[in-house]
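Before we start, here is the structure in question, set down as structure tokens.
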Protein chains: 6
Amino acid sequence: MRPSARQTDEMRAVSIEVGFTKHAEGSCLIKMGETHVLCTASLEARVPPFLKNSGLGWVTAEYGMLPRATHTRMRRESAAGKQSGRTQEIQRLIGRSLRAGVDRVALGERQITVDCDVIQADGGTRCAAITGGWIALRLAVNKLMKTGEVISDPLLDPVSAISCGIYAGQPVLDLDYPEDSEAGVDANFVMTGSGKLIEVQMSAEGSTFSREQMNALMDLAEKGSAELTAAQLAAVA
Amino acid sequence: MRPSARQTDEMRAVSIEVGFTKHAEGSCLIKMGETHVLCTASLEARVPPFLKNSGLGWVTAEYGMLPRATHTRMRRESAAGKQSGRTQEIQRLIGRSLRAGVDRVALGERQITVDCDVIQADGGTRCAAITGGWIALRLAVNKLMKTGEVISDPLLDPVSAISCGIYAGQPVLDLDYPEDSEAGVDANFVMTGSGKLIEVQMSAEGSTFSREQMNALMDLAEKGSAELTAAQLAAVA
Amino acid sequence: MRPSARQTDEMRAVSIEVGFTKHAEGSCLIKMGETHVLCTASLEARVPPFLKNSGLGWVTAEYGMLPRATHTRMRRESAAGKQSGRTQEIQRLIGRSLRAGVDRVALGERQITVDCDVIQADGGTRCAAITGGWIALRLAVNKLMKTGEVISDPLLDPVSAISCGIYAGQPVLDLDYPEDSEAGVDANFVMTGSGKLIEVQMSAEGSTFSREQMNALMDLAEKGSAELTAAQLAAVA
Amino acid sequence: MRPSARQTDEMRAVSIEVGFTKHAEGSCLIKMGETHVLCTASLEARVPPFLKNSGLGWVTAEYGMLPRATHTRMRRESAAGKQSGRTQEIQRLIGRSLRAGVDRVALGERQITVDCDVIQADGGTRCAAITGGWIALRLAVNKLMKTGEVISDPLLDPVSAISCGIYAGQPVLDLDYPEDSEAGVDANFVMTGSGKLIEVQMSAEGSTFSREQMNALMDLAEKGSAELTAAQLAAVA
Amino acid sequence: MRPSARQTDEMRAVSIEVGFTKHAEGSCLIKMGETHVLCTASLEARVPPFLKNSGLGWVTAEYGMLPRATHTRMRRESAAGKQSGRTQEIQRLIGRSLRAGVDRVALGERQITVDCDVIQADGGTRCAAITGGWIALRLAVNKLMKTGEVISDPLLDPVSAISCGIYAGQPVLDLDYPEDSEAGVDANFVMTGSGKLIEVQMSAEGSTFSREQMNALMDLAEKGSAELTAAQLAAVA
Amino acid sequence: MRPSARQTDEMRAVSIEVGFTKHAEGSCLIKMGETHVLCTASLEARVPPFLKNSGLGWVTAEYGMLPRATHTRMRRESAAGKQSGRTQEIQRLIGRSLRAGVDRVALGERQITVDCDVIQADGGTRCAAITGGWIALRLAVNKLMKTGEVISDPLLDPVSAISCGIYAGQPVLDLDYPEDSEAGVDANFVMTGSGKLIEVQMSAEGSTFSREQMNALMDLAEKGSAELTAAQLAAVA
């Protein structure tokens, strides 16, 4: 039934290449099928003004898409002179999601900026960005722990994200672009490795959904999240 | 337990003054307790380019906050030269939510822009904007039906929104600002008058939540949504 | 002769509701007929850099119009990415006018920002903004005097503004929109309660005017200004 | 009494060099003492959208200051990314003033853009811009009449502008920068060659003024305006 | 003598992976040592307005750098709201260079946009972008020729670019970042496969250079250009 | 053969009027035939952040064109809200060129900003800006040396720039606009008075050039540069 011939609860193949770029303190290229996102974590000395002398750390994220990551070329946001509402919404979500998994006292007064840049898009870029972003973050924090700058691990529980949706009337896991563009309901779940929820976003496109459908999507997300956690832990091992 | 001494499932007093401004085809001032939002619906001849000659209508929304709607004055977005990510995220949500309740074939090839401007903020402004925005939309569509420009009613099921959250460990309905700023989990539910879901957004702030808590919030939202629908129907009667 | 059937020297009904919003240190909703402007005064600790350590206070103003305050919807300035020349011109006038009535030594090194947002427009919004803005300022200063932060009253003489114009060949007081859009000459007078002049702006639209006409408009303005002063003093009593 | 030792009713030396640049249809460098403004008039085929097929012409103006026209260098507005409120206010005034002296039916459906760029500033730049701008406009219209594109002269009465002010308690004509920066009242009068008024702007800086002072300034302006008209007519003869 | 222990006339290892992304009509990841640039060519129906109905094609380029392509993170240009002068200068150079090698009549009235995004930077990014950009362009044109949309090959001579410089007093080929940041003279040569010059840019940094040095750099560039042409032809074979 | 009937190695008439504006520490109006550029040098106390407490000076440049400096009016960059890529490229070149001729230790920790504004354009504006900009810089530094703020002369060798090109198949010196718009190759040479090279930019427009042509242009540039140096030294004598 699915364009990709996957089972309704079957995720796309996940591949994670750590250290994809050399300057960043942590980096990976994450592939969820044909969706490819480069994630880098940059350690910065400064914290935002509201955290000066608080002893607390900060994790923030930025998101971008290369102009021809998509089927047809999109205008470059730097040339347009501003980030779209969609871009800002996504990078706020990534930052919030990653922060939920960070012990900011343990991190100490430093900032880590996670950049997620979509090299190739085929649906689910924000979820891939969160899942890969956590890996970049993990690698950067590992460096801080190795040098002794951070003693107690601030990342106790991995953070990953997965999309689900109602496609052709069926709840399915991990939408690709052909599904996403047709889905009546589109949902994103950000969860921790131990199964706790960080963020749930469910949105009907020109229709509505029932509480039963919401629960069916939640069930799928729990399955997907467990698989992503395993892939994350394998990648950073 | 709540700062306002409300019950955990008790909404703030709702008041809706229709026709608050005279130029708009539909308008109301909605008050959810101390949160006051002016909503106007403007009928416009043009539709976005991608709908030209499609026969389909469009509903879009914009959101703003007066600089001193808040406890301390915020910078005016027009002076800053751009809308914040938060503003864009909210107005995209309002537009998506209202469109979900519109039969765009019945509306015909015309656009209605719903402006939601926060006069005074005390938490839950996006929910008040959706609830009041639907009323402005309803009034504008009534005019179109009265003149015969629209024959079949494109608004079959009212749309409203309500926030819930985990405050002091308890699921509570309709957060005000003192609760919102302390809540560990913040959720917004957009629903129709007949109880269907349009959008669910649940977000942990520096923590996580369980599936049981998610269900408890959903229960509260169903109660609140029913009350809002009643208030909407009374206002436009 | 006038569309509203008013006498040539007759002002529209003035109504002033103080305390219209709760967060601002001073606020009012002023109505000049169908022109409704919300004015708030916000006390801020910082002064502009050029006044640091001068002991002098500062009063500044910002002006905005809700998108559907007008007959047809106007583009939101925050979405356009900048304030129009008209907006900047008006807010510079409001700030200059209010400052002219302030003893900045008595105010002390603090800033008060007066926001004037047009809820509904029917001509004369800049004048209503100045007249209402002074009330918001007065209320905010009252708070400072009550707490003893300011000892000597920095607002000795009320400031108000009124428009006049040549409509259908006749000098008339307080133009509404139908008159304003047809007037050959448009004038704004900012005056103090004791009858002194702060600002005079007279502008011919596609025509010219004589010194005699200038004097006739000045006579009307003196009458209108006295009535506005009375309304201001009643409102803040 | 004046820093320049001029009489209270004595204007600075006026010098006008026509044809200062070769590409513009009309141009001049106008000097009011040490204030030097380059004015060019550019004939353009397009009119603004609201005039399409109206048969009416349009005259508009833009104003700029070279970064080191002033005592200390000012930031270049193109580098700042926007025109200041002051710049916009001035260019709106120039455009409105010049249009008041144009028969737009006689001009026909074409646009003339008058650019006024301050090469060196010593007070009164907006007045010099209007006076010089009219000359550039006159020269451009002369070309149109020579080629027969325009038959009936659309410029029947010259337009010029002069500043006055209360300096050291005395009404004085044509403020230079040392006076302008100290003046308690600053006024600009735009008039036609036949003595009619187009625009009057009087503004108190941190003080007020009386109706008698207003009349004294008006008297000075009438004298100055007559002298400027004579200089304009001599320049374009 | 060189930090990389290369000979003065030795280029870094070149690696070219064609088809790196799937949506673009042509794409490659080009590596010049540790400098990695992703180049995509996008075929677009529209041409710029000045070419409408001319029968001529257009090739244009855009350039960007991922925020953490560099040693320390740089601000994202889309967040800054504009492209830096450096970015604009580089993308103008890339476009001009590629166009010099295109027969725009043979291409026909269509536009190809070449996007060059630096994934990892170690000096010479603009040269790598031109060299890789030509490959992406070649691949996209191949598609047009395969479908018969283009008959006569518009790309007759490959275009590549190489940097040279005076490092530690010696002319050297293909500067990497440690050399580039210390070089007294920095030069970029854009050449065709047949050895003709398209663009020469030589720039002294806080010093000067002689005509003899200019010639020595030109000799090195001819050697490097020949090697790049061979790599290009191998990649697209 | 040349539109101006000049010899292939004949420069346009050069005229330099020093002290063209009175506020700048150094200024001149330079005319290269019909290309007229006003150059001012402004002494500023602040240096860029990266030079704080370094003891080193800084010279930077900005470039602009009045809207009607050109055959047809161009949009004002301040109104467009940004400087074009061309403008930024040119002002970066001017700054780099002038800095190459400055001993920044001798200048001491101060900044000089050179503004080059094109009053009338007829080709070669960037070269005229560099040549005239050096004169403004020289005059400003003279003031610093007169007051003893600078002891050792930081400007040991004049800097000038000249364009050359291949016009109608012939190498020619100092292109004017009719030549520039037709030239197959366009080159700019920045040189010192003693004949050393600072910057070479050669660019083919839709064609290519040979190393022999490059050398022929270099020969012409050496002749032109010597003449410009003589004119500079005469002007500042």
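The values are calculated or read from the model by the stated rules, or taken from the named source; none is laboratory data. Because the structure is predicted, anything quoted here is derived from the model rather than measured. FYI the Cβ positions are ideal-geometry reconstructions off the backbone, even for glycines, and counts take in every protein chain you see.
Is at least one residue of the range F:157-164 surrounded by fewer than 22 Cβ atoms within 10 Å (Cβ to Cβ), within 14 Å of another protein chain (Cβ to nearest Cβ) and either within 19 Å of residue F:61 (Cα to Cα) or of a type outside the set (Phe, Trp, Tyr) (or both)?
Yes, the range F:157-164 has at least one match.
Taking the criterion of being polar (S, T, N, Q) and without any contact (Cβ under 8 Å) to a residue 24 or more places away in the chain, would at least one residue in the range F:217-229 satisfy it?
Residues of the range F:217-229 that are polar (S, T, N, Q), as a first pass: F:225, F:229.
Now restrict to residues that are without any contact (Cβ under 8 Å) to a residue 24 or more places away in the chain: none.
Within the range F:217-229 (the criterion being polar (S, T, N, Q) and without any contact (Cβ under 8 Å) to a residue 24 or more places away in the chain), the answer is no, since none of the residues qualifies.
While we're on this one: Considering only residues that are over 19 Å from residue B:32 (Cα atoms), within 14 Å of chain A (Cβ to nearest Cβ) and touching a Ser or Thr at 6+ places or on another chain (Cβ under 7 Å), which ones fall in the range B:86-145?
B:95, B:96, B:100, B:101, B:106
Quick check, is residue F:92 within 30 Å of residue A:78 (Cβ to Cβ) and surrounded by fewer than 16 Cβ atoms within 10 Å (Cβ to Cβ)? So that I can check it myself, show each step before the final result.
On the way: within 30 Å of residue A:78 (Cβ to Cβ): yes; surrounded by fewer than 16 Cβ atoms within 10 Å (Cβ to Cβ): no.
The answer is no for residue F:92.
Out of all the residues in the range D:71-86, is one or more in contact (Cβ under 8 Å) with a residue 24 or more places away in the chain, assigned to a loop (DSSP other than H, G, I, E, B) and within 27 Å of residue D:135 (Cα to Cα)?
no
Sticking with this structure for a sec: Somewhere in the range D:173-196, is a residue in contact with a Phe, Trp or Tyr (Cβ under 6 Å, 6 or more places away or on another chain) and in contact (Cβ under 8 Å) with a residue 60 or more places away in the chain?
yes
Determine whether residue C:8 is part of a loop (DSSP other than H, G, I, E, B), under 30 Å from residue C:170 (Cβ atoms), in contact with a strand residue (DSSP E or B) (Cβ under 9 Å, 6 or more places away or on another chain) and within 14 Å of chain D (Cβ to nearest Cβ). Can you show your working first?
Working: part of a loop (DSSP other than H, G, I, E, B): yes; under 30 Å from residue C:170 (Cβ atoms): yes; in contact with a strand residue (DSSP E or B) (Cβ under 9 Å, 6 or more places away or on another chain): yes; within 14 Å of chain D (Cβ to nearest Cβ): no.
Here the answer is no, as residue C:8 does not meet what is asked.
Within the range C:74-88, which residues are touching a Gly at 6+ places or on another chain (Cβ under 8 Å) and surrounded by fewer than 17 Cβ atoms within 10 Å (Cβ to Cβ)?
C:85
I've got another one for you. Of all residues in the range B:48-70, which are part of a loop (DSSP other than H, G, I, E, B) and closer than 26 Å to residue B:16 by Cα? Steps first, please.
So the first thing to find is which residues in the range B:48-70 are part of a loop (DSSP other than H, G, I, E, B), and the list is B:48, B:52-57, B:66-70.
Passing the criteria: B:66, B:67, B:68, B:69, B:70.
Applying the selection to the range E:201-221, what residues are under 13 Å from residue E:167 (Cα atoms) and charged (D, E, K, R)?
E:205
Does residue C:150 qualify as being touching a helix residue (DSSP H, G or I) at 6+ places or on another chain (Cβ under 6 Å), at pLDDT 95 or above and under 30 Å from residue C:68 (Cβ atoms)?
Numbers: touching a helix residue (DSSP H, G or I) at 6+ places or on another chain (Cβ under 6 Å): yes; at pLDDT 95 or above: yes; under 30 Å from residue C:68 (Cβ atoms): no.
In short, no.
Another question, then. If you go through the range B:12-41 one residue at a time, how many are surrounded by fewer than 23 Cβ atoms within 10 Å (Cβ to Cβ) and polar (S, T, N, Q)? Explain how you work it out, then say what you get.
Applying the first criterion (surrounded by fewer than 23 Cβ atoms within 10 Å (Cβ to Cβ)) to the range B:12-41 yields B:12-23, B:25, B:29, B:31, B:33-34.
So of that shortlist, the ones also polar (S, T, N, Q) come out as B:15, B:21.
So the answer is 2.
Out of the residues in the range D:20-47 that are within 14 Å of chain F (Cβ to nearest Cβ), in a loop (DSSP other than H, G, I, E, B) and touching a residue at least 60 places away in the same chain (Cβ under 8 Å), which is nearest to residue F:71 (Cα to Cα)?
D:24
In this structure, does residue E:87 turn out to be hydroxyl-bearing (Ser, Thr, Tyr) and in contact with a Lys or Arg (Cβ under 7 Å, 6 or more places away or on another chain)?
Details: hydroxyl-bearing (Ser, Thr, Tyr): yes; in contact with a Lys or Arg (Cβ under 7 Å, 6 or more places away or on another chain): no.
Answer is no for this residue.
Given the residues C:190, C:200, which is the only one that is more than 7 Å from chain D (Cβ to nearest Cβ) and not in a helix (DSSP H, G or I)? Walk me through how you get there before you give the answer.
On the way: C:200 fails: more than 7 Å from chain D (Cβ to nearest Cβ).
Just one listed residue meets the conditions, C:190.
Report, by residue number, each residue of the range A:1-19 that is at pLDDT 95 or above and more than 17 Å from the chain's Cα centre (by Cα).
Here is the first cut: in the range A:1-19, the residues at pLDDT 95 or above are A:2-19.
Correct list: A:2, A:3, A:4, A:5, A:6, A:7, A:8, A:9, A:10, A:19.
Separate question: With respect to residue A:35, determine if the residue is modelled with pLDDT of 95 or more and closer than 16 Å to residue E:20 by Cβ. Even if it seems obvious, please write down each step before you answer.
Numbers: modelled with pLDDT of 95 or more: yes; closer than 16 Å to residue E:20 by Cβ: yes.
Here the answer is yes, as residue A:35 does meet what is asked.
Right, residue F:219: modelled with pLDDT of 95 or more and within 15 Å of residue F:9 (Cα to Cα) or not?
Values: modelled with pLDDT of 95 or more: yes; within 15 Å of residue F:9 (Cα to Cα): yes.
So residue F:219 fits the description; yes.
Next up: Which residues, taken from the range D:55-73, are away from chain F (no Cβ under 11 Å) and loosely packed, with under 13 Cβ neighbours inside 10 Å?
Scanning the range D:55-73 gives a single hit, D:55.
Here's another thing I want to ask about it. Residue C:224 passes all but one of (1) over 16 Å from the mean Cα position of the chain (by Cα); (2) more than 10 Å from chain D (Cβ to nearest Cβ); which number fails?
(1)
Further question: Of all residues in the range E:165-215, which are closer than 30 Å to residue E:236 by Cβ, surrounded by fewer than 22 Cβ atoms within 10 Å (Cβ to Cβ) and either of a type in the set (S, T, N, Q) or more than 20 Å from the chain's Cα centre (by Cα) (or both)?
Those that are closer than 30 Å to residue E:236 by Cβ, surrounded by fewer than 22 Cβ atoms within 10 Å (Cβ to Cβ) and either of a type in the set (S, T, N, Q) or more than 20 Å from the chain's Cα centre (by Cα) (or both): E:192, E:194, E:201.
Among the residues in the range F:204-215, are any at the interface with chain E (Cβ under 9 Å from one of its Cβ atoms) and in contact with a Phe, Trp or Tyr (Cβ under 6 Å, 6 or more places away or on another chain)?
Taking every residue of the range F:204-215 in turn, none turns out to be at the interface with chain E (Cβ under 9 Å from one of its Cβ atoms) and in contact with a Phe, Trp or Tyr (Cβ under 6 Å, 6 or more places away or on another chain).
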